[in-house]
Structure formats: structure tokens, C-alpha cells
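The values are calculated or read from the model by the stated rules, or taken from the named source; none is laboratory data. Keep in mind that this is a model prediction, so the values were computed, not measured. Ideal geometry is used to build each Cβ from the backbone, glycine not excepted, and the neighbour counts take in all protein chains shown. Note: areas computed on protein heavy atoms with side chains; ligands, DNA, RNA excluded. Shrake-Rupley method; radii C 1.70, N 1.55, O 1.52, S 1.80 Å.
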Amino acid sequence: MAATRVIASAGNAVSGVFLCRGQSIAAPRSLNLCFRNGRLLTQRRRLFTCNAIHNPQVQIKEEGQPESFDYRVFFVDNSGKKISPWHDIPLHLGDGVFNFIVEIPKESSAKMEVATDEVYTPIKQDTKKGKLRYYPYNINWNYGLLPQTWEDPSLANAEVEGAFGDNDPVDVVEIGESQGKIGQVMKVKPLAALAMIDEGELDWKIVAISLDDPRASLVNDVDDVEKHFPGTLTAIRDWFRDYKIPDGKPANRFGLGNKPADKDYALKVITETNEAWAKLVRRSIPSGELSLV
């Protein structure tokens, strides 16, 4: 029997009114994780619920064992119903602040991602040729997605070499000092955008920082990143440029002059991809194999 665990989700309060397949839903939520001796609690072959300080209404439910083909991290509401981290967690929190869902914690290498083609879009470890996928080296930042965004594969971006979207939510690279946890929801503010071109597809990387980071108040745009996190933008670009080379693939490329765009441009990308997601869930655009549940 596959192991099942229920843990409270990590992060900050998730709140706001958001589109959920045609409905506006007021959803104040607090998210926390359970730890013991600094480690995430796991249990084998039994169900348990952690007591959390804020009595969260959204929890993380793990099914299967980590680093296995059947491992899934689901989001569930306070009634125990599964919800989608892609579709049901709100994007906007107001005042230029957004929810960010951690898929891959910093200093780890398992390639975790939201399964956009599975019901309730749980987080799972990606596979290739029958094997679990790992990066060739650790990623140095928290990495994940902006909910309620979508890079439309039928839309050519005239500003980035006419590249088409990669059919996924928008990726976020969160540069704060704390290591996130799989499924953690962070409040972040965008700072810059990198237009990565991966095998001809446009794969935006929004550089952001958690509002809980000690230096968050110091960084509000791309120039601030270089001032307070010197070398970080170059390191992010080089990491994503080169990570496929050990597997024998060519380096990824970057549009927009190979440079990070500023905060305003990042916000434009977020707005456009949020609009594309809204069309997707309204079924104005064919969904193909994507799950809209």
C-alpha cells in the first residue's frame, strides 16, 4: 500500500478573491509546515495530521514515498477536498505581491514540478526514459511557479524571437536566504524577468524575493538585485543556460539581449500569462492534455 501523509502546508497566509473555473471565491488561508528537529515530518503507511499554529484551511497531502514514481504532493482544503495548486491558489495578493508555490527547494536537485496533465495538478518528480529526473547539480534558489498563469504554446512572442510559450505556468526563481519546502506558498514581489528559450520554446523565469526575507525591503527592481545580491542575476542566467549540457544537450538561450528585464516588464509578463490562463480555464483556448481541475 502506498504511504499517505497529511501535513500542513508551509508558507504565509494565502488570501484574496480569485477565479476558480468561472467563480469568484473568497479564500483566506494560512499555510504552515510541521517539523521535528528541523526536518520535515514524514510517516510510512499511516495517515497523520500535524497541529499547526494557525489552523490552516489548506493542507499538503503526500501520497507515495519521496523520490518514487508514485509520489504526489496534493493540496487539500479544510473539508479534505483536493484542489489544484495551479488553478485554485490565487495569483494576486494586491500591492504588487503574488503567491509563489515552491516546487524545488534551494540546494536540492530532484526535478519536482506541478503535473499539469493530472487531475488536481499535484506536484510530482519529473521522469524521462523511465527514470526519475534530477538536475546535474543543486539549484541555488527556491524554484517553482506562479499559480493562475500559463505560457500559451499557440502564441508567438514578437519581442522574444517569435518564440511560442512552453505550455506551463510561469516559473519563479526566489532569491531569499531561506530554503523553502515542496508545496510551500510564499508571498513574493517580482524584481526581474529572464526570457529563456528552451529548445525553441519561451520559458519565462521571474526573479522574485519572499516578503519574509530580511533584505526584501531593500530590493524593488532589477538594479537593486545587483546592488544587494551582487552576481545573482548572472548566476541564475548561467545556471539555466548550462544545466542541460551534462546530458549532452545544447545550452539554452535568452532573448531580450541576453539581459534581465526590469520589474515593470516582469509584471507585464505576469499579466499576459494570467490572461492566457483565464482564457484556458474558460475553455476559450483548447486545453489539449492539460487538466483544468
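What about TRP86, is it crowded, with 24+ Cβ neighbours inside 10 Å, touching a Ser or Thr at 6+ places or on another chain (Cβ under 9 Å), within 21 Å of LEU256 (Cβ to Cβ) and touching a residue at least 12 places away in the same chain (Cβ under 8 Å)?
Considered against the rule, which asks whether it is crowded, with 24+ Cβ neighbours inside 10 Å, touching a Ser or Thr at 6+ places or on another chain (Cβ under 9 Å), within 21 Å of LEU256 (Cβ to Cβ) and touching a residue at least 12 places away in the same chain (Cβ under 8 Å), TRP86 comes out as no.
Is the range 131-142 home to any residue that is surrounded by fewer than 16 Cβ atoms within 10 Å (Cβ to Cβ), at pLDDT below 95, basic (Lys, Arg) and over 23 Å from LYS263 (Cα atoms)?
No, every residue in the range 131-142 fails to be surrounded by fewer than 16 Cβ atoms within 10 Å (Cβ to Cβ), at pLDDT below 95, basic (Lys, Arg) and over 23 Å from LYS263 (Cα atoms).
What number of residues in the range 110-127 are assigned to a strand (DSSP E or B), of a type outside the set (A, V, I, L, M, F, W, C) and crowded, with 19+ Cβ neighbours inside 10 Å?
Going through the range 110-127 one residue at a time, the tally reaches 3.
Considering only the range 167-283, give the strands (runs of 3 or more DSSP E) lying wholly within it that have at least 3 residues that are touching an Asp or Glu at 6+ places or on another chain (Cβ under 8 Å) and surrounded by 16 or more Cβ atoms within 10 Å (Cβ to Cβ).
185-198, 201-210
What are the residues in the range 157-166 that are open to solvent by less than 50 Å² (accessible area, probe 1.4 Å) and assigned to a strand (DSSP E or B), if any?
Answer for the range 157-166, where residues must be open to solvent by less than 50 Å² (accessible area, probe 1.4 Å) and assigned to a strand (DSSP E or B): ASN157, ALA163, GLY165.
Please count how many residues of the range 67-81 are without any contact (Cβ under 8 Å) to a residue 60 or more places away in the chain and within 18 Å of the chain's Cα centre (by Cα).
Residues flagged as without any contact (Cβ under 8 Å) to a residue 60 or more places away in the chain and within 18 Å of the chain's Cα centre (by Cα) within the range 67-81 amount to 3.
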